[in-house]
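Peer 1: Here it is: the structure, laid out below.
Rule-based calculations on the coordinates, nothing more; no lab input. Source: prediction; values computed, not measured. Note: ideal-geometry Cβ built from the backbone for every residue, glycine included; neighbour counts use all protein chains shown.
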Amino acid sequence: MSDQPAGERPQSTGAAAKLCCKHVWKIFGDDVPSLIGADGSVDEARFESGDYIGAVRDASFEVHDGETFVIMGLSGSGKSTLLRCMTRLIEPSTGEIHFESEDLMQASEAQLIDMRRHKMGMVFQHFALLPNRSVIGNVALPLEVQGIGKAEREQRALDVIKLVGLEGREQYYPRELSGGQQQRVGIARSLAGEPDIWFLDEPFSALDPLIRREMQDEFMRLQNVLHKTIVFITHDFDEAIRLADRIAIMKDGAIIQIGTPEQLVLHPATDYVEEFTQGIPRAKVLSAGALMRDVDGDNFAGKVHASVSIETQLDAILNADRGAVFAVYDDEYNVVGALPREVVVELLSASQRQE
């Protein structure tokens, strides 16, 4: 069992990039290759003056090992197209895509199929379960495609079915399951092959709000167990800040800012990003470390980890005496700052005025 304090968000470990995209474009229109130079660059003057659609425009980013990287934006922003470019389910017009040591743009179709079968897990909004197969049959399907023997694939399927909380429903058919249970089957199926990277394209958006919240909780539980490298697509900023280590916000095919939820709230790069963050309660996103002050004395009413969101500590802070100060500590349990109660009160008041 982890000894991480309750409510604490795992911190970046400085892990190497698992997936790297550089200057990725997906352009629709006539004679798109004529826009692309010998070095792979796009003639942006011709692009802007022509009858072209830039579904993805010059996207560059890295996804680190073990990170949950969320790409978000409104419908039509290009986020799902970008995800499909990463796996070459859609062919990029130009750019570089590296997965581990592999140059995906140079991979053959056979190599791509092998990587999708063995190294990449995918979950989409529509569950796409086979109606004539039971839960265990659906979950074991990727292993069957890999040529794994029946006994082994069924045992591995049973293990992952238990992991997603569907133990006892192995012989049910999709029609006998709720929407949330069907999505769990889809998640289990994508995990059965033990992928190195997990792509999820709005997997919960078709679910009712209560079930969606339940599935977000389940997702976070699974990530705490599995520590997968994840690319997660959503249009919901509240969902993004619950799940993400970092968020990339897209608009009109372009990535306009990448940062932690806290960075996006504190330092929005554009008015568009600021609009996304306006409705989010600051206490939910901001950490004690972002609000702490210099230490002055040692008379503390309590202590809080620097990475913990203010929301998780509200009761203790607000129930403290006026003028109380809390010690802020790091991973080595060193006191690195002080959090006055009145700073939190002002944060809550500012959020209410904004609403």
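Peer 1: State the answer as a single residue: which of LEU348, ASN319, ALA248 lies farthest towards the positive end of the charge dipole of the range 221-355, with beta carbon charges of +1 for Lys and Arg and -1 for Asp and Glu, about the Cα centre.
Peer 2: The one lying farthest along the dipole's positive direction is ALA248.
Peer 1: Going 7 Å from the Cα of ASP294 along its beta-carbon direction, which residues of the range 320-346 have the amide nitrogen within less than 15 Å of the resulting point?
Peer 2: 336-339
Peer 1: I'd like the chymotrypsin sites (Phe, Trp or Tyr not before Pro) in the range 301-355 restricted to DSSP loop residues with at most 12 other Cβ atoms within 10 Å, sorted by number.
Peer 2: TYR333
Peer 1: In percent, what relative contact order does the range 225-296 have, based on Cα pairs under 8 Å that are 6 or more apart in sequence?
Peer 2: 21
Peer 1: Further question on the same structure: Comparing VAL42, VAL343, VAL135, which has the greatest mean-square fluctuation in the GNM of the chain with Cα pairs linked when under 10 Å apart?
Peer 2: Maximum fluctuation in the GNM of the chain, among the listed residues, is at VAL343.
Peer 1: Modelling each spin label as a point 7 Å along the Cα-to-Cβ direction, I'd like the SER41/ASP330 distance in nm, to one decimal.
Peer 2: So the label points at SER41 and ASP330 sit 4.2 nm apart.
Peer 1: Can you tell me which lysines have their Cα less than 20 Å from the Cα of LYS251? Leave out same-chain residues fewer than eight positions away.
Peer 2: Within reach: LYS22, LYS26, LYS79.
Peer 1: Would you list LEU200, LEU104, LEU130 from fewest to most Cβ contacts within 10 Å?
Peer 2: By the 10 Å Cβ count, ascending: LEU130, LEU104, LEU200.
Peer 1: Something else now. 5 Å is the cut-off here: which amide hydrogens, built 1.01 Å from N in the peptide plane, fall below it relative to LYS18, excluding neighbours closer than 5 in sequence?
Peer 2: So LYS18 has HN proximity to VAL63, HIS64, ASP65.
Peer 1: Moving on to the next point. Which aspartates and glutamates, if any, have their Cα less than 13 Å from the Cα of LYS119, not counting same-chain residues under 8 positions apart?
Peer 2: Here the aspartates and glutamates satisfying the reach criterion relative to LYS119 are GLU100, GLU102, GLU194, ASP196.
Peer 1: Here is a follow-up. Computed over the Cα atoms of the range 188-310, what is the convex hull's projected area averaged over all directions, in nm²?
Peer 2: One quarter of the hull surface, i.e. the mean projection, equals 10.3 nm².
Peer 1: Same structure again: Pick from ARG46, ARG282, ARG133: which residue has the top mean-square fluctuation in a GNM of the chain where Cα pairs under 10 Å get a spring?
Peer 2: ARG46
Peer 1: Under 21 Å Cα to Cα from LYS284, which lysines show up? Leave out anything in the same chain fewer than 8 places away.
Peer 2: Hits, sequence-local ones excluded: LYS303.
Peer 1: Can you give me the convex hull volume of the Cα atoms of the chain, divided per residue and expressed in Å³?
Peer 2: 173
Peer 1: Rounded to whole Å, give me the distance from the Cα center of the range 280-304 to that of the range 174-216.
Peer 2: Using only Cα atoms to place each centre, the spacing works out to 36 Å.
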